[in-house]
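Down below is the structure, laid out as structure tokens.
The values are calculated or read from the model by the stated rules, or taken from the named source; none is laboratory data. As the structure is a prediction and not an experimental result, all values here were calculated from the model. In this analysis, Cβ positions are derived from the backbone assuming ideal geometry, glycine residues included, and neighbour counts consider all displayed protein chains.
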Amino acid sequence: MDAINYPKVVCRKDQKVYLDFRVEGKRIRLFNGKKFNIELYPNSFPTNQRLNQANILAAQVYAKLLTGASPLERNTAGVLNNRTDLYYIKEALNAKLKEDYSKNYKDGLKLAFRKIEEHSKSGEVTIKTITSALDTYTNNTYFNTVRRNMNTLCRKSVKLGMHKNPIEGIKRKKEKATLHKALNNTAELLQEIRVFNTNLYLCCLMTYGCLLRPHRELRELKWEDFSDDLSIIKLSGHRNKSGRNRIVPVPYYVKEELKIGEPQHNIFTGSNHAPNPDYFKTLWSRFKRVSLLLEKEQTLYSFRHTGAIEIYKRTGSLEKLKSAMGHSSILVSLTYLRSLEIVELKDYDMPRLNDLKG
């Protein structure tokens, strides 16, 4: 019987650790304890803890080896008892789908997995696999979106036991900024929407006046989210994008349109159920086809953008804008204003001819 070697702990240049030993003359490298049914993943720990966790794993693997366990044993299907990269990515997807994310985000993760699955060979996922999948996208924005979702799955997969994230070597592509065109005829456009559909009108009015995001914050709004006098809306962290509690004042022209109902009822359906996730998206698409006032590049979110501009023009305060928009930081608000073509330099800020004299 061959002597059983104690696993050697090795640390790579990228700070990933693994065990190196031989079984039946074959060299074995283990990055985790899966092959021995040991739930320990050293590389899921911070880098300064990985060596310690790898040494713990080495001791547990050695104990398994002494009992006769082997990473070379075959399972009932007759294949080596190891799990492929694609297996871990599938597990990562399933874990993400159980979390509280939007339907669109989950759909994006599913698409990313399908693209990886289509281009993987025998379950192996390499940088070549990811590159082949991403090369199907000629639009830089789509490329970056799918890459980001793939990266989310692969990072989770590494924590579950996959050896390496193959996306680390693939860079994002430069995107051209897309401007959301602000409205210059807000009142007239709102009246046109009111004639078309009252729910869409209320949605647009509150997107502008309360700066709420239409597709979740507004769509799921209930009467119990308002104060008794309808002057304030309170949203808990799980109800908005920033993840923080949010208090929003309700302007007088919005209050005039509200007809309070039962506390648990949705303000648009008058029942316990909110409209379906695509409700306002569908209404807006139909309105676009018949509108005489809507301009190119103006969207449902243009009402929120226009409201943001109005606040900034009147107050000149980024702190107030950040609070009103529900942004997590001022940096987000700054980016938001740049995309709306807010001119931050005035004519008197520019170089003067007198500065060249003397």
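Descriptive notes on the structure:
- Close Cβ contacts (under 7 Å, 6 or more residues apart or on different chains) running from residues in the stretch 220-234 that are free of Cβ contacts under 8 Å to residues at least 12 places away in the same chain and of a type outside the set (Asp, Glu) to residues that are surrounded by fewer than 17 Cβ atoms within 10 Å (Cβ to Cβ) and part of a strand (DSSP E or B) are absent.
- Residue within the stretch 196-207 that is surrounded by 14 or more Cβ atoms within 10 Å (Cβ to Cβ), part of a helix (DSSP H, G or I), under 30 Å from the mean Cα position of the chain (by Cα) and among the β-branched types (Val, Ile, Thr) present: yes
- Filtered by the rule that a residue be within 35 Å of the chain's Cα centre (by Cα), over 14 Å from GLN15 (Cα atoms) and in a helix (DSSP H, G or I), the stretch 26-55 gives LYS34, LYS35, PHE36.
- Residue match in the stretch 125-138 (condition: among the small types (Gly, Ala, Ser), assigned to a loop (DSSP other than H, G, I, E, B) and buried (at least 16 other Cβ atoms within 10 Å of the Cβ)): no
- Close pairs (7 angstrom Cβ cut-off, 6 or more residues apart or separate chains): assigned by TED's automatic domain parsing to the domain that holds LEU218 in the stretch 294-307, part of a helix (DSSP H, G or I) and surrounded by fewer than 19 Cβ atoms within 10 Å (Cβ to Cβ) anywhere: LEU294/LYS288; THR306/THR186
- Filtering GLU341, GLU310 for residues that are within 14 Å of LEU183 (Cα to Cα) and either polar (S, T, N, Q) or modelled with pLDDT of 70 or more (or both) leaves a single hit, GLU310.
- Considering only residues in the stretch 139-182 that are assigned to a helix (DSSP H, G or I) and among the small types (Gly, Ala, Ser), the one that is farthest from LYS296 (Cα to Cα) turns out to be SER157.
- Scanning the stretch 295-331 for residues that are more than 22 Å from the chain's Cα centre (by Cα), at negative phi and not in a helix (DSSP H, G or I) yields a total of 4.
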